[in-house]
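Participant: One structure, pasted below without further comment.
The values are calculated or read from the model by the stated rules, or taken from the named source; none is laboratory data. The shown structure was predicted, so the numbers you read here are calculated from the model rather than taken from an experiment. Here the Cβ positions follow ideal geometry from the backbone for every residue, glycine too, while neighbour counts run over all protein chains shown. The area values use the complete protein model at the heavy-atom level, side chains included, leaving out ligands, DNA and RNA. Shrake-Rupley method; radii C 1.70, N 1.55, O 1.52, S 1.80 Å.
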Amino acid sequence: MTDQRPITDDSAAEMAKTYRPADIEPRVQARWLAADVFAPDGVGSRADQAKQPFVIIQPPPNVTGALHLGHAARGTVEDLMVRRARMQCRPTLWLPGVDHASIAAQFVLDGVLAAEGESRHSLGRERYLERMWRFMEETRSVIRDQQRRLGLSADWSRERFTMDEESAQAVRTSFKQLHDDGLAYRGEKLINWCPGCRTSLSDLEVIATPESGTLWSVRYHLVAREDATTVADDEPGPPETITVATTRPETILGDTAVAVHPDDERYRSLVGRRVRIPFVDRIVPIVADEMVDRAFGTGAVKITPGHDQADFETAQRHDLSVLDVMDDDGSINALGGPFAGLSGTDARQRMVAQLEASGDLVATTPHEMVIGRCQRSDDIVEPRIKVQWFLDMKPMAARAMAAVRSGRTRIVPKRYEKVFFDWLENIRDWNVSRQLWWGHRIPAWYCPDHHVTVSDKPAGPDSCGTCQRPAGELRQDEDIFDTWYSSGLWPFSTLGWPEATEDMRRYYPGTVMETGYDILFFWVARMMMLGEWLTARKPFETVLLSGLLRDPYGKKMSKTRGNVIDPLGVIDELGADALRFALVHGSAPGSDQRLGRSQLEGARNFGNKLWNAARFVLGSRPEGVPDGPLDLPVGGYLGPAEHWILARCARTVEEVEQAYTTFAFGEAARLLHDAIWNDYCDWYLEFAKVRLAAEDPPRQAATWAVLTWVLDRYLRLLHPIMPHLTEEIWGRLPSFPHEGELLIVAAWPDAAREKALADQAQARGVDGLIELVSGIRNARAEARIDPAAWLPAALHITDVDTASAYHRSAAAVERLARIRPRLVTDQVDLEVGEGALTVLIRGGEARLARGGSDPTLERERLSKELAEAERMLAETEARLANESFVKRAPGPIVQAARDRLIELEARVERLRARLSA
RNA sequence: GGGCGAUUGGCUCAGUCGGUUAGAGCGCACGGUUCACAUCCGUGAGGUCACUGGUUCGAAUCCAGUAUCGCCCACCA
């Protein structure tokens, strides 16, 4: 597939004088789509099908969502890995998709409906779901288009939705399997109830929130007549009481016991007696249980098993009845007697007032407590007793942990393994029932005799699995699954599971699963548990956890704070590449990053820099360089600077490769930024200009070949991070043999091959020249000499490599340092006039004409340098004088110190000589 | 209550296996209309590497402790 890209002088002319990402990016994206390079077997892909496929797994964004900065960050990192793998000729699969996000989507749609004067309830389940599907059609493309605008190279032809039929089948099959395995069960347990969302929630969706509350001490009256069964049977106003403490007086209505500690002397005699629950006609026992903390409150606890987890467990131990005194909306139900119909808060107020009036409120103390709130609606979550579906996670957790312990699945960064294990070791059963409408209906059917039949068939079971009653008499569970259940199946449900598809065979397990650490439990752990259990394989090799994005002050970005950065606004203004670069540049696995205007502008400036460098290179093609693919000339036509940049470039290839391999993408971005800006633009381009200007066609051609070759390497390395800009420039570059037409499928550079191109000794010489030029610039600036003035100078270069490099690049050095030098062989000849400037480098010395500057400035500068050199000399001497250093430090370190000592001695001596002159 | 992370110039962050003089960007100061780029170029100032102790010939780096900040987990009513 040798490329015939023409290199015309128009290439540069065509390039807009200013870098306009908004013009370039959509054009480049269209080019990729046309070439069909995103699919693993895409027409334009050069994937080697014999290679191990690279499969990325991304959290599918919510279908109703808009691209936010977190999405952009995730997507950029995922895209970067896929692009690199593609350039390494691996077949790559990035299967994009959206999540139906049941509760979040209902939240959004309910808002839309409210604006239309409708509601979930006014529509009813069927019409609501129809409306939801229409809403999906409207919103679904939004996030996809936004992801594409970011330049994500996912295989869009495979886009999936967690509510599509394939996912539905995976949900049914998986649930049936878990039920058959005894891990899915229906039970009556305490669940988390959000009265606002009117559904149960998993423990993860309940946010513990600190709150200043009140601890009320309430007196309960003991029953006087042992045979009393109702309050009416008892004597009025019996004298004995027991005082309990509660933060939620309204739950008194659900009390079915009072508990004390078995060893508590204060209450020992009361155990086994009975008390009257205020407000309701109920008599309950006093029980002894070790769960009671004698030191807290009064040491006596009211037991409300229907609304408290600990109480529920106590109730089970003592065989107490469990009462739910709450309605779905959080109000008190009929069991609450006089308070039925009131909201929890209202009931509480009235009850406290009445208790106070009756004298049974003994104390009111402020109390700091933690209360559970709904992650979505912020409502106070109430524990309630319900019959719902649960998953016994312990056996699955054991497998997920084993996968990480054995190294089959790796978590990056490693420190999150501990967090992962802690959670899995203490995992509790997962309540998967949701009383919502938008989502996968639980595939469980009940017959009139309450037999449960779980079916994986789309139409449900033919008959009751226990009593064979016909399907017509069965009723399906009204509830749907927690959204995260279908998300947990994502790595394999998207590949055709439960069928043994070709995709499953080739692309499962995935290679890297990338996401933010905030959904480690919600999603990652569950994918691993479900994947290990259902497919008997790990779902992916590596878990790459990224950090969260924060504003420049380290605050979480939120709409209410108004500190959000809209990625689409950034893309429009500065470009997707700038956004991507900024996101990658500041990132490190597992660490949060701050992003603000300055980072984004810096990234845009970098793009601009690269654009202009390319414009220069393309515009400077020497006459006579033929059209068509170039060869990199070797041998005599390359100058020292060419060897230097080739050596630097090879090192960059190696370092960037290392960074990409270790997921240190921020480091890769920094390396490329510095290499392109400093090595290439600041130094090599300047050297090259001089060489291009010389009337020496073979050398001009060689220089230009190196300019394009090195630029080509940088573009390849940078492509995963800034794909559009690099693609655009690369398309205008002359090609080298054996290359494709699009950078996105061009070959990834090989460090060893690059290294072989450069002569290290010549490269070292240029390091000396750079030191010389920098030194001269410094001296001139400090002496306040006109930067444009050409100064007579004398050079005495002792280092062999530097001298050789100078001989071959004198014109460039002169131009960069703005000097008119003569080369001398002896320090005595270094005089260029009264009060000359002195520049000392490791491998030589330069003297510059003073150019009318103030001699005291020069003396100050040299004095400063001398002081610094003396300080370092003293340090080095001290170190070498230390016997144990010389004895114990490794040889090369000691030798380095000795070399340094010699160098510093010489430097000090010369500086002293110049100062005393 | 348990756990994790961070602490490096004014700001944001690099800093590998402990080893010469701790780097970069932004900001700041000075100087620049050199034909790729003012979204730029050149030069410079600015750092007790949070603190205390330890290990070591040698510590920003390893160990222990302290402080401050941030985060996660957690059924004391």
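Participant: Please go through segment A:355-401 and pick out each residue that is in contact with a Lys or Arg (Cβ under 8 Å, 6 or more places away or on another chain) and either part of a strand (DSSP E or B) or under 26 Å from A:Thr535 (Cβ atoms) (or both).
Facilitator: Correct list: A:Leu361, A:Val362, A:Ile380, A:Ile385, A:Lys386, A:Val387, A:Gln388, A:Trp389, A:Phe390, A:Met393.
Participant: Now a separate question. Out of (1) in a loop (DSSP other than H, G, I, E, B); (2) exposed (fewer than 15 other Cβ atoms within 10 Å of the Cβ), what's the single condition that is false for A:Gly569?
Facilitator: Unmet condition: (1).
Participant: I would also like to ask the following. Can you report the number of residues in segment A:58-92 which are among the β-branched types (Val, Ile, Thr) and open to solvent by less than 10 Å² (accessible area, probe 1.4 Å)?
Facilitator: The total comes to 4.
Participant: For segment A:517-546, name all the residues that are surrounded by fewer than 20 Cβ atoms within 10 Å (Cβ to Cβ), of a type outside the set (Lys, Arg) and outside any helix (DSSP H, G or I).
Facilitator: Within segment A:517-546, A:Ala536, A:Glu541, A:Thr542 qualify.
Participant: Condition first: near RNA strand B (Cβ under 7 Å from one of its atoms) and touching a Ser or Thr at 6+ places or on another chain (Cβ under 8 Å). Now tell me which residues in segment A:578-610 satisfy that.
Facilitator: A:Gln593, A:Asn608
Participant: How many residues are closer than 20 Å to A:Leu222 by Cβ and open to solvent by 40 Å² or more (accessible area, probe 1.4 Å) if we restrict to segment A:302-320?
Facilitator: Residues in segment A:302-320 being closer than 20 Å to A:Leu222 by Cβ and open to solvent by 40 Å² or more (accessible area, probe 1.4 Å): 1 in total.
Participant: Got a sec? Which of A:Glu686, A:Glu727 is within 15 Å of RNA strand B (Cβ to nearest atom) and in contact (Cβ under 8 Å) with a residue 12 or more places away in the chain?
Facilitator: Criteria check complete, one pass: A:Glu686.
Participant: Can you tell which of A:Ile252, A:Ile242, A:Ile286, A:Ile207 is touching a strand residue (DSSP E or B) at 6+ places or on another chain (Cβ under 6 Å) and within 23 Å of A:Gly372 (Cβ to Cβ)?
Facilitator: Testing whether each residue is touching a strand residue (DSSP E or B) at 6+ places or on another chain (Cβ under 6 Å) and within 23 Å of A:Gly372 (Cβ to Cβ) leaves just A:Ile207.
Rundown of residues vs (1) under 28 Å from A:Asp477 (Cβ atoms); (2) part of a strand (DSSP E or B); (3) not polar (S, T, N, Q), yes/no style:
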{"position": "A:Val171", "(1), (2), (3)": "yes, no, yes"}
{"position": "A:Phe175", "(1), (2), (3)": "yes, no, yes"}
{"position": "A:Asn192", "(1), (2), (3)": "yes, yes, no"}
{"position": "A:Ile207", "(1), (2), (3)": "yes, yes, yes"}
{"position": "A:Gly213", "(1), (2), (3)": "no, yes, yes"}
{"position": "A:Ser217", "(1), (2), (3)": "no, yes, no"}
{"position": "A:Thr229", "(1), (2), (3)": "no, no, no"}
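Residue-wise test of (1) more than 16 Å from RNA strand B (Cβ to nearest atom); (2) buried (at least 19 other Cβ atoms within 10 Å of the Cβ).
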residue	(1), (2)
A:Pro195	yes, yes
A:Leu201	no, yes
A:Ala208	no, no
A:Ser217	no, no
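Participant: Condition first: part of a loop (DSSP other than H, G, I, E, B) and either touching a residue at least 40 places away in the same chain (Cβ under 8 Å) or open to solvent by less than 20 Å² (accessible area, probe 1.4 Å) (or both). Can you find one or more residues in segment A:115-130 that meet it?
Facilitator: no
Participant: Give the number of residues within segment A:353-370 that are within 12 Å of RNA strand B (Cβ to nearest atom) and not hydrophobic (A, V, I, L, M, F, W, C).
Facilitator: Residues meeting the conditions: 3.
Participant: Oh, and also: Is one or more of the residues making up segment A:417-432 in contact (Cβ under 8 Å) with a residue 40 or more places away in the chain, closer than 19 Å to A:Lys538 by Cα and crowded, with 18+ Cβ neighbours inside 10 Å?
Facilitator: Taking every residue of segment A:417-432 in turn, at least one turns out to be in contact (Cβ under 8 Å) with a residue 40 or more places away in the chain, closer than 19 Å to A:Lys538 by Cα and crowded, with 18+ Cβ neighbours inside 10 Å.
Participant: Something else: Consider only pairs whose beta carbons are under 8 Å apart and that are at least six residues apart or on different chains; among these, list those whose first residue lies in segment A:880-902 and is within 8 Å of RNA strand B (Cβ to nearest atom) and whose second residue is open to solvent by 80 Å² or more (accessible area, probe 1.4 Å).
Facilitator: Filtered contacts from segment A:880-902: A:Phe885/A:Arg879; A:Ala897/A:Arg879.
Participant: If you go through segment A:302-324, how many residues are within 15 Å of RNA strand B (Cβ to nearest atom) and more than 15 Å from A:Val287 (Cα to Cα)?
Facilitator: 4
Participant: When you check A:Ala669 against the structure, is it within 13 Å of RNA strand B (Cβ to nearest atom) and under 36 Å from the mean Cα position of the chain (by Cα), yes or no?
Facilitator: Taking the combined requirement at face value, the residue satisfies it.
Participant: Taking the condition of being under 16 Å from the mean Cα position of the chain (by Cα) and β-branched (Val, Ile, Thr), how many residues in segment A:78-93 meet it?
Facilitator: Qualifying residue count, segment A:78-93: 1.
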